Each structure stands twice: as C-alpha cells, then as structure tokens.
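Shown next, in structure tokens, is the structure this report addresses.
Please treat every number below as a calculation from the coordinates, not as lab data. Model, not experiment: these values are computed from the prediction. Neighbour counts run over all protein chains shown; Cβ positions are idealised from the backbone, glycine included.
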Amino acid sequence: MQGYRPWQFLFNLPGVIVVGSAVGRRDGWWRWIVVCVFSGTATGLVAPLCLPHRVDSGSSAAVAGPIGALAVPMGAPDPSPP
C-alpha cells in the first residue's frame with residue numbers, strides 16, 4: 001500500500017530492528033511478531049475505509065504498533081517496593 005521508495009525502506013527497517021528488539025527483550029519475540037502483524041494488517045484494512053482516496057499506510061504501521069506496545073505497560077504492576 002505504501003510507495004516503494006528507498007527512503008521509506010531505509011527509515012522503517014531500522015525502526016523495526018530497534019523498536020522490535022526492545023519489545024522482544026521486554027515481552028518476548030512472539031509478542032513482537034504478533035504486534036507487528038496485527039498493527040500492519042489492521043492498518044491495511046482500516047485505512048482505506050477511512051481515507052479511500054489516500055492510500056499511504058504500510059510498513060510504517062508495523063513500526064508504530066511496537067512503539068505503542070512499548071508505551072503501554074503490560075500486565076499487572078510490579079508488586080515489589082521501589
């Protein structure tokens with residue numbers, strides 16, 4: 001869906017590597033894959049419905065999903081004292 005320009009690839013690949021490694025260390029590699037696939041697929045399905053004349057989502061959504069996953073704390077809070 002997104003244009004295939006080299007700069008987009010060069011921006012998104014490091015984002016997937018850096019953010020993906022952080023999510024993978026914190027939550028496990030399986031969660032990183034699930035978040036990337038879900039965010040990319042959901043964006044690919046919803047974006048054309050919201051903006052039918054502008055199709056510019058794509059691999060950037062696969063980077064935005066793990067960024068969101070890092071921003072949202074997972075599970076119960078740590079019960080240990082600070």
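The table that follows gives values for the structure above.
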quantity: Sites Ile17 and His53 - FRET efficiency at Förster radius 25 Å, r taken between beta-carbons, to 0.05; calculated: 0.15
quantity: Contour excess over end-to-end distance, with Cα ends at Thr41 and Phe9 and 0.36 nm allotted per residue; calculated: 9.7 nm
quantity: Rounded, prolate or oblate (a/c below 1.5 giving rounded, otherwise prolate when a/b exceeds b/c) for the stretch 1-52 by Cα gyration tensor; calculated: oblate
